[in-house]
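The values are calculated or read from the model by the stated rules, or taken from the named source; none is laboratory data. Note that this is a predicted model, so its numbers are computed, not measured. No Cβ is skipped: glycine too gets one built from the backbone with ideal geometry, and neighbour counts run over all protein chains shown. For accessibility, only protein heavy atoms count, side chains too; no ligands or nucleic acids. Shrake-Rupley method; radii C 1.70, N 1.55, O 1.52, S 1.80 Å.
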Amino acid sequence: MNVIQRFLGRSLTTRLFSYFSAALLLILSVSTVIELMVIESLLMLPHEIKHEFRDLAVQADEYLEEQDLNGLRKWEEIQNYTLFVVDANYKSVTSRDVHPHIEFKMSISRHLEGPMGETTSKPMISLDLSHGHHLMIQLPWQLHPAEKAKYYLWGVRVLVAASLLGFISWLLSSQLQKPLKRLQTASHRLAEGDLSVRVSDTVQTDVREFLGLAHDFDHMAHRVESLVMSHKQLLRNVSHELRTPLARQTLAMHLLKSRLTPEQMVWFSQIENDVDEMNNLIQQILEFSRLESSHYQTSLIPTELDPLLRMIIEELALQAGDNQSIEYVSHCKSGWVLGDRGLINSVVQNAISNSFKYAGEDCRIEISIYEQDNGLVIQISDDGVGVSEQDLPHLFEPFSRIDDTRGKDVEGYGLGMSIMKLSMEQMGGSIRVCSQKDKGFTLYCWLPAFEGNNHTT
């Protein structure tokens with residue numbers, strides 16, 4: 001058995017050849033067995049013809065009983081069938097000429113109640129009469145049951161072939177689909193960012209091609225993981241290294257600021273803004289790397305959202321423009337979640353700040369919380385220009401900038417939404433957006449509810 005399994009598992013070509021050969025042998029064997037089982041029943045005469053032939057035998061017997069051979073001869077000649085009344089030696093009792101071939105067929109005649117066979121197209125059927133005589137009737141080929149039987153047999157062959165091919169195909173596909181599904185699952189995990197996925201030890205197949213594909217996949221995943229990790233490490237190291245010279249530059253600028261003339265202060269302010277922008281970019285890169293790290297530790301504690309959101313809104317309301325407004329409403333009785341207070345603060349502040357920047361100078365921001373799916377949802381909406389549906393899947397990609405929507409002249413690094421997504425995932429929550437071009441922008445942040453939420457403030 002092990003030798004057969006090793007032989008079948010050598011290559012995909014060998015396995016396919018083996019399965020199709022087995023299918024062919026099974027189809028031939030089962031078809032033959034079924035044909036042998038049903039052939040006799042298919043070659044039997046219909047009851048109507050049997051009844052008609054028995055009536056002819058009764059009529060012939062009446063002539064014999066009356067010894068009316070002339071009448072019997074005339075009766076034989078006017079029938080719709082070729083028939084003869086013969087003695088035990090197959091000689092016509094009415095002295096009619098019998099062709100030698102017909103006489104030979106009489107010697108191998110078929111019984112009325114037996115199968116007609118499929119070798120003779122016009123068999124002779126024998127019916128016993130009185131005084132040892134026989135009525136021999138030649139069956140026309142149009143009435144031979146083999147004419148219809150061949151269609152039944154072909155139907156049986158097609159049915160058997162379809163059934164066995166379906167079973168063999170299912171068996172083969174189930175054997176081949178298992179490793180393919182594992183490879184497909186692994187590729188999806190890799191596409192979702194799980195760079196540690198490997199399949200060589202879990203593919204569970206002995207097909208050479210699949211094993212080679214699994215090893216190639218593992219090699220590719222290892223290379224991708226190495227490249228991504230080196231890229232992240234480089235970005236993290238560069239960001240750390242830039243902080244020191246920027247800190248020295250910021251200190252030097254503060255010392256220099258007091259010595260500048262008003263004309264020089266114009267250029268100095270531009271330089272200072274550039275330095276601040278660089279510091280913000282480095283801070284976001286480090287924050288993104290910190291959240292993305294597998295060693296990041298969150299402090300998940302029971303947190304009441306309502307007072308936290310009110311505090312954040314009160315602070316950010318000072319940044320609103322003259323025609324920008326914030327509205328807040330709570331639709332839940334108990335707003336307790338299990339989350340990290342600092343991360344929640346960061347997500348909500350980032351979302352509201354984005355609305356201030358991208359929704360336009362004349363906008364309204366609506367914030368609400370409500371219960372959903374054993375958790376609470378923080379919904380942040382604005383009535384700005386929105387984002388086209390085709391750009392929504394790219395919003396959470398690092399360094400992604402949607403240039404044709406939500407104010408393309410507004411500064412940004414494309415890391416804010418990525419940081420928000422990582423922050424929500426670190427707390428076991430989720431985030432999604434809903435928007436259409438020129439129809440506003442809505443952000444949904446879901447956090448798991450705290451089960452022991454019977455707290456009082």
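Can you say whether Ile352 is aliphatic (A, V, I, L, M), under 20 Å from Ile419 (Cα atoms) and free of Cβ contacts under 8 Å to residues at least 60 places away in the same chain, as far as the supplied structure shows?
It is true that Ile352 is aliphatic (A, V, I, L, M), under 20 Å from Ile419 (Cα atoms) and free of Cβ contacts under 8 Å to residues at least 60 places away in the same chain.
Based on this model, can you work out whether Gly193 counts as assigned to a loop (DSSP other than H, G, I, E, B) and surrounded by fewer than 12 Cβ atoms within 10 Å (Cβ to Cβ)?
yes
For residues in region 432-447 being in a strand (DSSP E or B) and open to solvent by 30 Å² or more (accessible area, probe 1.4 Å), which is farthest from Ser355 (Cα to Cα)?
Restricting to residues being in a strand (DSSP E or B) and open to solvent by 30 Å² or more (accessible area, probe 1.4 Å), the top hit is Trp446.
Only one of (1) over 16 Å from Ile49 (Cα atoms); (2) open to solvent by less than 20 Å² (accessible area, probe 1.4 Å) fails for Trp170. Which number is that?
For Trp170, the failing item is (2).
Based on what the data block shows, is Asn273 modelled with pLDDT under 90, of a type outside the set (Ser, Thr, Tyr) and open to solvent by 80 Å² or more (accessible area, probe 1.4 Å)?
In short, yes.
If the requirement is being free of Cβ contacts under 8 Å to residues at least 24 places away in the same chain and under 13 Å from His133 (Cβ atoms), which of these qualifies: Glu48, Glu62, Glu52, Glu77?
From the options Glu48, Glu62, Glu52, Glu77, the qualifying one is Glu62.
Could you check how many residues of region 10-34 are touching a residue at least 60 places away in the same chain (Cβ under 8 Å) and either assigned to a loop (DSSP other than H, G, I, E, B) or open to solvent by less than 40 Å² (accessible area, probe 1.4 Å) (or both)?
Looking only at that region, the number is 6.
So, in region 35-54, of the ones that are at pLDDT 75 or above and either in a helix (DSSP H, G or I) or open to solvent by 80 Å² or more (accessible area, probe 1.4 Å) (or both), which residue ends up nearest to Glu209 (Cα to Cα)?
Only one residue fits best here, namely His47.
So for region 307-318 (the condition being more than 27 Å from Pro398 (Cβ to Cβ) and of a type in the set (Val, Ile, Thr)), does at least one residue qualify?
Looking through region 307-318, at least one residue is more than 27 Å from Pro398 (Cβ to Cβ) and of a type in the set (Val, Ile, Thr).
Any chance region 179-190 includes a residue that's touching a strand residue (DSSP E or B) at 6+ places or on another chain (Cβ under 6 Å) and surrounded by 15 or more Cβ atoms within 10 Å (Cβ to Cβ)?
Within region 179-190 (the criterion being touching a strand residue (DSSP E or B) at 6+ places or on another chain (Cβ under 6 Å) and surrounded by 15 or more Cβ atoms within 10 Å (Cβ to Cβ)), the answer is no, since none of the residues qualifies.
Find the residue count for region 359-382, including only residues that are at pLDDT below 85 and either under 11 Å from Gly440 (Cα atoms) or open to solvent by less than 50 Å² (accessible area, probe 1.4 Å) (or both).
Final tally of qualifying residues: 2.
With the structure loaded, tell me whether Ser289 is modelled with pLDDT under 75, open to solvent by 50 Å² or more (accessible area, probe 1.4 Å) and not basic (Lys, Arg) or whether it fails that test.
no
List, please: which pairs have Cβ atoms under 8 Å, are six or more places apart or on different chains, and start with a residue in region 86-104 that is modelled with pLDDT of 85 or more and of a type in the set (Asp, Glu) and end with one that is open to solvent by less than 70 Å² (accessible area, probe 1.4 Å) and not in a loop (DSSP other than H, G, I, E, B)?
Asp87/Gly132; Asp87/His134
Considering only region 177-203, state which residues are over 20 Å from Met229 (Cα atoms), under 17 Å from the mean Cα position of the chain (by Cα) and not β-branched (Val, Ile, Thr).
Those that are over 20 Å from Met229 (Cα atoms), under 17 Å from the mean Cα position of the chain (by Cα) and not β-branched (Val, Ile, Thr): Gln177, Lys178, Pro179, Leu180, Lys181, Arg182, Leu183, Gln184.
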